[in-house]
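To start, the structure itself, in structure tokens.
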Amino acid sequence: MAPSSSASSSPLPFERPRTRMLAVASAALFLSVLVWFNYSAVLPLVVEEWGLSGTRAGIVFGAFQAGYLLAIVPAGLLVDRHSARYVVAVGATGAGLGSLAFALVADGFLVGTLFRFLAGVGMSGVYVPGMRFVADWYDPADRGRAMGIYVGTYSVGSGLTFLLSSAIASAVDWRTATRLLVVPAVVAIVYAATAEFDGTAAVSTDGGTDADADLSLSGFVADSRALFTAGFAMAMLVVMMNGLFYRGTLTFLPDMLGGFLADAAGSVRVIDPESPVAEEFDLSSYVYSGLLMVGIAGQFVGGKVSDRVSPTLGLSAVFAALCVVAVAFVPAAETGLVTLLAASAVLGFLLFALQPLYQATIAEYSPPDDRGLSYGYTYLASFGIGATGAAIAGFLLSTVGTDGTFLALAVFPATGAVLALSMARSWVS
């Protein structure tokens, strides 16, 4: 199957109707992300109150991700069969109720794990509908910019959540912080239920979906078989390469940065060693946060690039650049503080620039009627299979050290560059 396009008879890109719906989709994602990442900020307080071991704390933390991954493909199928705004409303309701119950009722490991899992299931109904909406309502010439805005909302929301949750939890307690951050989820529910937010209107003559379509297991299998053409399968491999490198690099990067910065922090006298806060100051955390903030710019630029050139060509270029950065990162980090900061900034920029590019690629290689399902598989590949990159990096660090780890991880962007280039050259369809 050749890459598909979603020509639309709706108004020109970024005029009022599309801008309004992009705002609704982004607001729903932003407000729900506050619920999603709140637990990361309050985790130390939860561990202390419940007396959790490291293993149990990790299970409670991972329960949200497990629920999200288990529900993400079914959520994509529902988006293809029903109005996207209703799927968003139901998903935001589930995420909000799960988080609220976690704050009000949970008093230990088992109950806390259950409610975090339910919140993750609900969250799966928020992200995929927004991506389908952007893919359907924006022509290829402007789709990347819209996707850059949408995924940038995720990054901004996750960063603000840590600051808000930490501040509220420090001033009051973690349960209050969690309850307060459920309020934005309620706003997201109201937005989704009342605003015009039907991502299928651009590809349907009646502005809706086929609610009578087959939702059985056999129907799901048939849709999946139709979706997985050679081109889409290749796109999934590209997404996996991104996920493996992303998780493998970022999971242990704060600790690795701490080692590189050990001498630099003292030489540049970032903070007076006699200061009362010197013991709590962690320069690597600030460098890591800066890397993530630079990534927001990367998402926007990546979206703009996909509007100017073929997304697959853009992917091949960014993957190739990431391969170079992975090989050069440790030598640059060992040279000095300036080169370490520069390498970290470039790494963050390129990592996040990939996101709108591969999402635009998925839109090109998926039929409009199955776009929700296609993004369900996309996030399963990125967040699910890609998560094994953390385990791979952990093994490499314990066996070949930091330098060897970055060299080995460079295989993923190198492979991604080759796959994306083959798609750009139309070797697959």
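What follows is calculated from the coordinates using simple rules that are stated; it is not laboratory data. Please read these numbers as outputs of a predicted model, since none were measured by experiment. Reconstructed Cβ throughout: ideal geometry from the backbone, glycine too, with neighbour counts over all protein chains shown.
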**OP:** Quote the FRET efficiency, to the nearest 0.05, computed for residue 342 versus residue 400 with a Förster distance R0 of 35 Å and r equal to the Cβ-Cβ distance.
**Re:** 0.90
Subject >> Least to most buried among 79, 90 (fewest other Cβ within 10 Å first) >> reply: 90, 79
Original post:
Ranking 255, 173 by Cβ neighbours within 10 Å, fewest first, what do you get?
Top reply: 255, 173
**OP:** Compute the Rg to Rh ratio over region 16-198 from the alpha carbon atoms, using the Kirkwood formula for Rh, and round to two decimal places.
**Re:** 1.00
Original post:
How many nm is it between the label spots at residue 262 and residue 334, if each spot is 7 Å from the Cα in line with the beta carbon?
Top reply: 1.4
Original post:
Given a Förster radius of 25 Å and the C-beta distance between residue 160 and residue 97 as r, what FRET efficiency does 1/(1 + (r/R0)^6) yield to the nearest 0.05?
Top reply: 0.70
**OP:** Based on the mean of other Cβ atoms within 10 Å per residue, sort peptides 62-68, 221-227 so the most packed one is first.
**Re:** 62-68, 221-227
**OP:** At 7 Å along the Cα-to-beta-carbon direction for both residue 220 and residue 20, put a label point, then send me their distance in nm to one decimal.
**Re:** 3.6
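Taking other Cβ within 10 Å of each residue's Cβ, how do 18, 308 sort, fewest first?
Fewest-to-most ranking of 18, 308: 308, 18.
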